[in-house]
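Single-structure report; data block below.
Just so it is clear, none of the values below were taken in a lab; they were calculated from the coordinates. Computed from a prediction, not measured in an experiment: that's the story for all the values here. Because the Cβ atoms are built from the backbone with ideal geometry, glycine has one as well, and the counts that use them run over all protein chains shown.
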Amino acid sequence: MKVAVVGGTGDFGLALARQLAAAGEHVVVIGSRDAERAQAKAAAAGAAHGTHNADAVQGVDLVVLAVKADAALPTATELADAIGDTPVLSVASELRFTKTGVFPTDETRSVAERMQEILHGPVVAGLHSLAASSLADGKAHGDALVCGDDAAAKELALTLAADVVTGDAYDAGPLASARALEGLTAVIVNLNRRYKGHAGLDIVGL
Ligand SMILES: NC(=O)c1ccc[n+]([C@@H]2O[C@H](COP(=O)([O-])OP(=O)(O)OC[C@H]3O[C@@H](n4cnc5c(N)ncnc54)[C@H](OP(=O)(O)O)[C@@H]3O)[C@@H](O)[C@H]2O)c1
């Protein structure tokens, strides 16, 4: 599969790009607002190449939108025409960090659902439970969850997800499930803070 990781210069996108490239079955393109930075990070991650975000999304099977969470929707707006009908995987979770804990925002709908209103092609959401630090040195431990309303796009994202975790990639239902998956990130970060670790998910009973 040919995959563009928009924001692939960041902690999560770079770790994801590295693991996808290591899997050996994908052509990975790193996108950035700065083409030179993208090229340097692509070389470091073993990706095929790096370029400006709007060029990175051309001719790929799947776009992973991995920019900083509060830039996800503005970036989707900026790249909507460049992305066209290509499926997009949203990994963003909007979180509010406070001294007493990490909270989801008060938005009723997920980032992914709002992104679907901006983009022309199908949006799926997933990989929220995979910490960048866990992905940095190898496959992330545990399972991955992906949700979406478009079956073909979800299948692409599930294939990608299965290649970067030690466990399995599971279909978690419609795009509205992203409300729970994005909220779960707050739970995971709170666990990490309390127990000083890198929590992941293991789905049991299936
Ligand atoms: N960190 C994790 O453990 C983790 C786990 C699961 C999911 N996620 C999700 O993955 C996404 C990236 O997280 P991260 O921790 O990797 O973030 P990050 O390192 O803070 O940022 C990722 C990239 O976003 C781009 N960016 C920053 N500000 C931007 C702006 N205003 N407009 C457009 N692009 C901008 C930057 O790329 P350029 O400057 O090169 O353009 C940056 O390298 C988030 O949506 C997050 O919720 C993170």
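If packing is taken as the average number of other Cβ atoms within 10 Å across a peptide's residues, how do 52-60, 119-127, 156-164 rank, most packed first?
Most protected by this proxy first, the peptides run 119-127, 156-164, 52-60.
Taking the stretch 165-206, how much of its Cα-Cα pair set, in percent, is spaced more than 16 angstrom apart?
50 percent
Tell me the mean residue ellipticity at 222 nm calculated for the chain from its helices only (DSSP H runs of n ≥ 4, each -39500 (n - 2.57), averaged over every residue, nearest 500).
Mean residue ellipticity, 222 nm, calculated: -12000 deg cm²/dmol.
Before anything else, pin down the relative contact order of the chain: Cα pairs under 8 Å, at least 6 apart, normalised by residue count, whole percent.
It comes to 18 percent, rounded to a whole number.
Please check: in the Gaussian network model of the chain (C-alpha springs, under 10 Å), which one of Ala82, Ala152, Ala136 has the largest mean-square fluctuation.
Evaluated over the chain, the most mobile residue of the options is Ala152.
Starting from the 7 Å offset along Cα-to-Cβ, what nm value, one decimal, do you get for the label separation of Glu155 and Ala136?
Each label point is offset 7 Å from its Cα along the Cβ direction, giving 3.7 nm.
Among 42-49, 93-100, how do they line up from the highest to the lowest mean number of other beta-carbon atoms within 10 Å?
Working: 42-49: 18.1, 93-100: 12.6.
Answer by packing, highest mean first, reads 42-49, 93-100.
Along the charge dipole of the stretch 2-195, Cβ charges K/R +1 and D/E -1, which of Val64, Pro87, Ala136 sits furthest on the positive end?
In the stretch 2-195, that residue is Ala136.
Please give the Cα centre distance for the stretch 167-193 versus the stretch 3-37, rounded to the nearest Å.
First find each Cα centre; the distance between them is then 22 Å.
Give me the Kirkwood hydrodynamic radius of the chain, using the inverse of the mean 1/r over all pairs of distinct Cα atoms, in Å to one decimal. It would help to have the intermediate numbers written out before the result.
Details: mean 1/r = 0.0602 Å⁻¹.
Result for the chain stands at 16.6 Å.
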